[in-house]
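Worksheet: the structure to be examined is printed underneath.
Quick note: the coordinates plus some simple rules give every number you see, no bench work behind them. Please read these numbers as outputs of a predicted model, since none were measured by experiment. Cβ atoms come from the backbone with ideal geometry, glycine included; neighbour counts cover every protein chain shown.
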Amino acid sequence: MKIPRYLHRPLQILLWESDEFLILMLGLGLWLIFGGYYFILIGFVVPYIYSKFKKRHSRGFFGHLTYFCGIKSFKGYPEFFMKDFIE
């Protein structure tokens, strides 16, 4: 097993980081199950667009975006849509 040089860097598989690789494999898996060339397009174009979007924003942006949309909540913090917070 190769030890990464920088521990703060995310896991990288070939040319992609792990989250981009997951999107790629999801598109290719859907192509194998359902057929159709648009899933191959999804498998290669969506990770490319995602990586460009991710490079423009700071680390942790997608976690905060899920908090803003109400999908995920942070432990010890109030919900995003709360108007009044009483300790």
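Of all residues in the range 34-45, those that are within 9 Å of Leu24 (Cα to Cα) have Cβ atoms under 6 Å from Cβ atoms of residues that are aliphatic (A, V, I, L, M) and surrounded by 13 or more Cβ atoms within 10 Å (Cβ to Cβ), 6 or more apart or on another chain, in Gly43/Leu24; Gly43/Leu28. Which one is nearest to the chain's Cα centre (by Cα), of the residues in the range 36-69 that are farther than 17 Å from Asp19 by Cα and loosely packed, with under 10 Cβ neighbours inside 10 Å? Looking at residues that are farther than 17 Å from Asp19 by Cα and loosely packed, with under 10 Cβ neighbours inside 10 Å, I get Cys69.
The set of residues in the range 70-87 being within 15 Å of the chain's Cα centre (by Cα) and of a type outside the set (Val, Ile, Thr) consists of Lys72 alone.
Consider the range 40-79. How many of its residues are assigned to a helix (DSSP H, G or I) and more than 24 Å from Gln12 (Cβ to Cβ)? Write out each step before concluding.
Initially, the range 40-79 is screened for residues assigned to a helix (DSSP H, G or I), giving 40-56, 61-69.
Remaining after also requiring more than 24 Å from Gln12 (Cβ to Cβ): 67-69.
Total meeting the criteria: 3.
Which ones in the range 16-39 are in contact with a helix residue (DSSP H, G or I) (Cβ under 7 Å, 6 or more places away or on another chain) and outside any helix (DSSP H, G or I)? The answer is Trp16, and nothing else.
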